[in-house]
Amino acid sequence: MPFKRDIQSEQPVASIPIEKVGIRNVIRTVDIVRDNFKCSINANIQAYISLPGTQRGIHMSRTAESIEEVINNAAFKPATTFEQFCIRIIDLLLQEHEYTTHAEVEVNGVLFVKRKTTDRDQMQKSYDVYSKVIGDRNNKGNITRKVYVGVQAEGITACPCAKEMSVEYSKELIKSRTNKLSDADIDELLNVIPIASHNQRATGKIIIGTQNGSEQLVDVLELVEIIEGSMSAKIQSVLKRPDEAELVRIAHLNPRFVEDVVREAAKALASPKFAYLPDDCSVSINADTQESIHHHNAYAELNTTLKEIRDQFA
């Protein structure tokens with residue numbers, strides 16, 4: 001039998017508006033299909049709306065139904081990007097909750113893709129992906145959206161400071177053992193030979209945001225390439241001995257501080273490859289290294305805009 005009383009629409013005990021009311025930790029699989037690219041994301045979804053002070057509660061089931069409807073419809077029309085999936089939920093939330101003017105969807109997930117690891121091998125790799133969409137409806141019914149998308153990936157860093165101390169020690173050691181080499185010869189030799197340093201596994205994260213509600217802001221796999229390229233070297237799950245030796249050699253010929261990682265990633269975003277992104281895009285870049293000779297981690301973070309980054313490298 002239908003229920004006559006709509007408790008959610010009754011007057012609350014106090015006319016206090018609430019910024020966020022919704023549901024959290026909705027775990028679902030999200031399929032992304034674009035051209036010849038297809039992937040699945042194990043996603044943790046959070047969805048909220050704002051509640052006016054005149055309403056006691058939200059219709060919670062409408063929020064859950066909006067998420068399920070977008071996921072079910074994806075079987076027939078899959079999202080082409082992670083952020084497009086979030087936008088579809090936002091639009092449905094604002095449609096179903098006619099009493100609100102504000103909605104937010106935040107999704108954290110694990111993206112699984114097949115990547116070539118060496119000249120011989122290919123294997124599945126996972127990356128933490130993130131998207132957030134904020135939707136606001138004005139009194140004319142028009143919706144504006146803020147869209148954020150990002151990814152976290154891993155790499156290896158070798159410490160430049162420790163390497164330089166090893167270089168200085170090596171120079172003195174060579175000089176004490178032989179007088180047949182000039183300083184120039186020693187420098188040339190040490191520039192070729194990988195010199196010891198402490199190294200660590202590092203994580204980098206980039207989040208790009210825009211005010212214009214774009215359904216495809218940036219390809220997260222291109223952000224993965226930026227993060228991995230900003231490190232001293234890429235890490236692999238499986239390495240044969242020649243590959244391991246090559247990775248260690250590359251890392252120690254390319255030492256980088258955690259600060260270097262952040263700046264290198266910013267430099268890559270300023271390249272012509274990303275010229276299609278507007279200047280007013282927000283950019284958040286961070287790097288975190290699990291220091292091998294310390295109990296603590298090293299961390300660096302940059303929050304800026306694409307225009308400010310581009311001005312630095314113009």
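The values are calculated or read from the model by the stated rules, or taken from the named source; none is laboratory data. Quick caveat, the model's predicted, so the values are computed rather than measured. Every residue, glycine among them, receives a Cβ derived from its backbone with ideal geometry; neighbour counts consider all protein chains shown.
Within region 286-314, track down each residue that is among the acidic types (Asp, Glu), closer than 17 Å to LYS205 by Cα and free of Cβ contacts under 8 Å to residues at least 40 places away in the same chain. Hit for region 286-314 is GLU301, nothing else. In region 195-231, which residue that is outside any loop (DSSP other than H, G, I, E, B) and small (Gly, Ala, Ser) is surrounded by the most Cβ atoms within 10 Å (Cβ to Cβ)? Once the filter is applied, the top-ranked residue is GLY204.
The residues listed here are SER170, SER126, SER166, SER131; of these, the one that is free of Cβ contacts under 8 Å to residues at least 24 places away in the same chain and small (Gly, Ala, Ser) is SER126.
Kindly establish whether LEU223 is out of contact with any Ser or Thr (no Cβ under 8 Å at 6 or more places or on another chain) and within 29 Å of LEU189 (Cα to Cα). No; evaluated as a whole, the condition is false for this residue.
Of the listed requirements (1) loosely packed, with under 13 Cβ neighbours inside 10 Å; (2) touching a helix residue (DSSP H, G or I) at 6+ places or on another chain (Cβ under 6 Å); (3) β-branched (Val, Ile, Thr), VAL192 misses just one: (2). Scanning region 232-253 for residues that are modelled with pLDDT of 90 or more and either surrounded by fewer than 16 Cβ atoms within 10 Å (Cβ to Cβ) or under 15 Å from the mean Cα position of the chain (by Cα) (or both) returns no hits.
Report yes if GLU259 is outside any helix (DSSP H, G or I) and either small (Gly, Ala, Ser) or farther than 21 Å from SER214 by Cβ (or both), otherwise no.
Numbers: outside any helix (DSSP H, G or I): no; either small (Gly, Ala, Ser) or farther than 21 Å from SER214 by Cβ (or both): yes.
Judged against the criteria, GLU259 is not a match.
Output the residue which, of all residues in region 111-146 that are modelled with pLDDT of 95 or more and hydrophobic (A, V, I, L, M, F, W, C), is farthest from ALA287 (Cα to Cα). It comes out as ILE134.
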